[in-house]
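J.: Here's a structure for you.
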């Protein structure tokens, strides 16, 4: 059930929050042995909150569309009294004494947390194959990764265990699992959703956002999470006539799986058929922006994890080698990367005078298999991590909003993701065009067999 | 090119030789693309300082 379906059913008294939560917990119990999407399930507190939500609705107290709806938090969002591991051995016993701002906001909106989802260790990677908590699996093919680092959130939402889960995105960690799991993920403008109380990875690159099964649900969740909510939810039959969609003529379509390229082109044609105007654009040097993003992240991650660097045995091998790299980058290189970042942001922002949004593929390939470190892209063999972040990382450097949403499926049944980029603080534009496309493509809310 | 292994041995806590060996090719490749970009930064460019810098 989506957020909007649950909200309608609750208000029509066709279902109670207790029943929604019971159903969610039942599904988690059945699916988690196969998916490993949850690290912690908060069964007792969820039922208590659901009873309170029902009592409030009965008294006419309504906190909005999320009132009484089961959700989950990525397990680096601090939750008062509930263990928050960040998928790491270091934080395996950490029980926060307060909620992250975003958790408090979702509480205030009446959402009911049923658990904490698994992730790549410390959110520092894209597989969610976690050395301490096991591999999270993709419900479309459980031999494949869900992506990461918000892999548990992607897996849980795709399998309909919850209607919505929080994610964090430092170099693609909301959008990559959305692409691989066929969910909708919104990485908002930098700091439009508070990072306070979310265990940091790269302070100037971290973004917090919702993962859902439909674009309109993402809008509802974003409204509840944002520091300055716009209260915007796209209408039925959203009108995108005359909207200017940028189609990059360089970089983004250069090295892609053929089925991914085809599905994204179909989305572009669909938007054009709905009345949008397709405008060819040339984007600035994205590889250069990615280099800046790598330097900034390598250093900021070390800064965040400084007190634990002596506990080498407590880190997984892939995270440890990234931390070692970060420790060797100089302060001058970090500062210069942040200076070049200012130049790159200014350069990229010129595009917004010509277009309202830009369409790109989300990931160059569908979900790789668990354990694969390389993947075939056309005729070349590429590193899974670098390939999966290639179209993502620069967007964190730029701080602009990005919506990831399904735009098709491969012949073997794996989801393919579209990325829609927008000008700063124009999440409403992305959600409008995303909703129109979702309606036209008819892919929203599709579920994997067996879940 | 930077002598990454020498730097690694000077850190406290140190990076074991075998682990330092693993990061050398990655950092060499990163440095090779980074140095020309670094040289291209216009003089007087200030640091990026936060959301107010997002146009």
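J.: Can you find a residue that is in a helix (DSSP H, G or I) and within 13 Å of chain B (Cβ to nearest Cβ) anywhere in region A:371-388? Can you show your working first?
T.: Within region A:371-388, the first condition is being in a helix (DSSP H, G or I), and the residues that meet it are A:384-388.
Adding the requirement that they be within 13 Å of chain B (Cβ to nearest Cβ) leaves A:385-386.
The answer is yes; a qualifying residue exists.
J.: Let me ask you something else. I'm trying to understand the selection: among the residues of region A:271-301, which are surrounded by 17 or more Cβ atoms within 10 Å (Cβ to Cβ) and more than 30 Å from residue A:202 (Cβ to Cβ)?
T.: A:271, A:274, A:276 - these are the residues of region A:271-301 that are surrounded by 17 or more Cβ atoms within 10 Å (Cβ to Cβ) and more than 30 Å from residue A:202 (Cβ to Cβ).
J.: Would you tally the residues in region B:6-53 being at the interface with chain A (Cβ under 7 Å from one of its Cβ atoms) and loosely packed, with under 12 Cβ neighbours inside 10 Å?
T.: Residues in region B:6-53 being at the interface with chain A (Cβ under 7 Å from one of its Cβ atoms) and loosely packed, with under 12 Cβ neighbours inside 10 Å: 3 in total.
Let's see how each residue does on (1) more than 19 Å from residue B:30 (Cβ to Cβ); (2) more than 7 Å from chain B (Cβ to nearest Cβ); (3) within 26 Å of the chain's Cα centre (by Cα):
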{"position": "A:306", "(1), (2), (3)": "yes, yes, no"}
{"position": "A:316", "(1), (2), (3)": "yes, yes, yes"}
{"position": "A:321", "(1), (2), (3)": "no, no, yes"}
{"position": "A:335", "(1), (2), (3)": "no, no, no"}
{"position": "A:338", "(1), (2), (3)": "no, no, yes"}
{"position": "A:344", "(1), (2), (3)": "no, yes, yes"}
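J.: Residues that are in a loop (DSSP other than H, G, I, E, B) and touching a strand residue (DSSP E or B) at 6+ places or on another chain (Cβ under 9 Å): does region A:340-354 have at least one? Full working, then the answer.
T.: Within region A:340-354, the subset in a loop (DSSP other than H, G, I, E, B) is A:354.
Now narrow it down to the ones that are touching a strand residue (DSSP E or B) at 6+ places or on another chain (Cβ under 9 Å): A:354.
Within region A:340-354, one or more residues are in a loop (DSSP other than H, G, I, E, B) and touching a strand residue (DSSP E or B) at 6+ places or on another chain (Cβ under 9 Å).
J.: Anything in region A:260-304 that is under 23 Å from the mean Cα position of the chain (by Cα), away from chain B (no Cβ under 13 Å) and under 30 Å from residue B:12 (Cβ atoms)? List them, or say none.
T.: Selection gives A:301, A:304.
J.: Spot the failing condition for residue A:448; the list is (1) part of a loop (DSSP other than H, G, I, E, B); (2) closer than 27 Å to residue A:349 by Cα, and only one is missed.
T.: Going through (1) part of a loop (DSSP other than H, G, I, E, B); (2) closer than 27 Å to residue A:349 by Cα one by one, residue A:448 breaks only (2).
J.: Which one of these is within 14 Å of another protein chain (Cβ to nearest Cβ) and buried (at least 24 other Cβ atoms within 10 Å of the Cβ): A:402, A:353? Before the answer, list the steps.
T.: Details: A:353 fails: buried (at least 24 other Cβ atoms within 10 Å of the Cβ).
Sole residue among the options that is within 14 Å of another protein chain (Cβ to nearest Cβ) and buried (at least 24 other Cβ atoms within 10 Å of the Cβ): A:402.
Throughout, read-outs are computed from the coordinates displayed, never taken from laboratory work. Remember, it's a predicted structure, so these values are computed and weren't measured experimentally. Note that each Cβ is placed from the backbone with ideal geometry, even for glycine, and that neighbours are counted across all protein chains shown.
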